[in-house]
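Chemist: This structure is in C-alpha cells; I'll ask about it shortly.
The values are calculated or read from the model by the stated rules, or taken from the named source; none is laboratory data. Predicted, not measured: the structure shown is a model, and the values here were computed from it. FYI the Cβ positions are ideal-geometry reconstructions off the backbone, even for glycines, and counts take in every protein chain you see.
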Amino acid sequence: MRDLAGEVFAPFGNYRPLLPKWFRTRGVLTFVSELGGEPTGYVMVAFFEESASQMVADVLAIAVAPAFQGRGIGRMLLQHAIAISEEAAERFSIRAIRLSVANTNSRARSLFFSSGFADVPGDFGTYEGGQKALHMERPIAQPANAP
Ligand SMILES: CC(C)(COP(=O)(O)OP(=O)(O)OC[C@H]1O[C@@H](n2cnc3c(N)ncnc32)[C@H](O)[C@@H]1OP(=O)(O)O)[C@@H](O)C(=O)NCCC(=O)NCCS
C-alpha cells in the first residue's frame, strides 16, 4: 500500500507515509483488488458529517499498480466505492460521493466523469506538486426507505 502510494501519487505529493496512516484510521474502509492472489490496487472510502442531518462519502484514495492499469480495475474499484455508499444510504442520509483530483490527471478525470461525477465549482487549493485541486461529486440516489 505504501509502495504503490509512493509510486503513483508521487507527482502530487508525498503520500507514502500518509496512506498507511489512513488505512489504520478508524472509519476508513479500504478495499483491495487482487489478481491471482496478488494485490493490484485499492480504494479507500470514509463517511463524513456535512451537517447535523446529512453525510457525504469521500473517496480518499484510488490507485492501481501501473502494470495493471488500463484493464478495468480502477473502474471496478470505483464502482465498489459507489455501491457501498449506496448501501450505506439505506441506513444513513448520504447526499453524495465526492473526491479530489488534480487538474492534470486526465486519466482519472475521464474515469470519474464517465462514472457520473461532475466538477464542484470553487477554489480548492493546490497539491504539493503544484497541480490545481479539483473537487468532483456524484449524487447518491436516496432509497425509498431512506431515513
Ligand atoms: C486512475 C486509475 C485509478 C484508473 O485505474 P485503471 O485501472 O487504469 O482504469 P480502468 O482500466 O478501469 O479505466 C477506467 C477509465 O480510465 C480512463 N483510462 C484508462 N486508461 C487510460 C489511458 N491510458 N489514457 C486515458 N484514459 C485512460 C478511461 O476513461 C477508462 O475508461 P474506459 O475503460 O471506459 O475507456 C489509475 O490510472 C491510477 O492508479 N492512477 C494513478 C493514481 C491516481 O491518479 N489516482 C486518482 C487520484 S484522484
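Residue-wise test of (1) small (G, A, S); (2) at pLDDT 95 or above; (3) within 20 Å of H135 (Cβ to Cβ); (4) crowded, with 22+ Cβ neighbours inside 10 Å.
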{"position": "V45", "(1), (2), (3), (4)": "no, yes, yes, yes"}
{"position": "F48", "(1), (2), (3), (4)": "no, yes, yes, no"}
{"position": "Q54", "(1), (2), (3), (4)": "no, no, yes, no"}
{"position": "A63", "(1), (2), (3), (4)": "yes, yes, yes, yes"}
{"position": "A67", "(1), (2), (3), (4)": "yes, yes, no, no"}
{"position": "R75", "(1), (2), (3), (4)": "no, yes, no, no"}
{"position": "I82", "(1), (2), (3), (4)": "no, yes, yes, no"}
{"position": "F92", "(1), (2), (3), (4)": "no, no, no, no"}
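Chemist: Pairs under 6 Å by beta carbon, first residue small (G, A, S) in region 102-113, partner near the ligand (Cβ under 8 Å from one of its atoms) and modelled with pLDDT of 95 or more, six or more apart or different chains?
Modeler: Short answer, once both residue conditions are applied: A102/F12; A108/V101.
Chemist: Quickly run through region 111-131 and pick out the residues that are surrounded by fewer than 16 Cβ atoms within 10 Å (Cβ to Cβ) and in contact with a Phe, Trp or Tyr (Cβ under 8 Å, 6 or more places away or on another chain). Can you show your working first?
Modeler: Initially, region 111-131 is screened for residues surrounded by fewer than 16 Cβ atoms within 10 Å (Cβ to Cβ), giving 113-114, 116, 118-126, 128-130.
Of everything in region 111-131, those that are surrounded by fewer than 16 Cβ atoms within 10 Å (Cβ to Cβ) and in contact with a Phe, Trp or Tyr (Cβ under 8 Å, 6 or more places away or on another chain) turn out to be E128, G129.
Chemist: Determine if region 102-122 includes at least one residue that is more than 16 Å from the ligand (Cβ to nearest atom) and not in a loop (DSSP other than H, G, I, E, B).
Modeler: So the first thing to find is which residues in region 102-122 are more than 16 Å from the ligand (Cβ to nearest atom), and the list is 121-122.
So of that shortlist, the ones also not in a loop (DSSP other than H, G, I, E, B) come out as none.
No, the conditions are met nowhere in region 102-122.
Chemist: Considering every residue within region 1-18, establish whether at least one is of a type in the set (A, V, I, L, M, F, W, C), under 22 Å from A83 (Cβ atoms) and outside any helix (DSSP H, G or I). Walk me through how you get there before you give the answer.
Modeler: Restricting attention to region 1-18, the residues satisfying the condition of being of a type in the set (A, V, I, L, M, F, W, C) are 1, 4-5, 8-10, 12, 18.
Now drop any that are not under 22 Å from A83 (Cβ atoms), which leaves 1.
Those still in the list that are outside any helix (DSSP H, G or I) too: 1.
Yes, the conditions are met somewhere in region 1-18.
Chemist: Which number in (1) part of a strand (DSSP E or B); (2) at pLDDT below 95 marks the one condition that R98 misses?
Modeler: Exception for R98: condition (2).
Chemist: Restricting attention to region 47-88, which residues are of a type in the set (A, V, I, L, M), in a loop (DSSP other than H, G, I, E, B) and within 17 Å of the chain's Cα centre (by Cα)? Steps first, answer last, please.
Modeler: Here is the first cut: in region 47-88, the residues of a type in the set (A, V, I, L, M) are 52, 55-57, 59-65, 67, 73, 76-78, 81-84, 88.
Going one step further and asking which of them are in a loop (DSSP other than H, G, I, E, B), we end up with 52, 65.
Hit for region 47-88 is A65, nothing else.
Chemist: When you check Q131 against the structure, is it more than 18 Å from V64 (Cβ to Cβ), modelled with pLDDT under 95 and not aromatic (F, W, Y), yes or no?
Modeler: no
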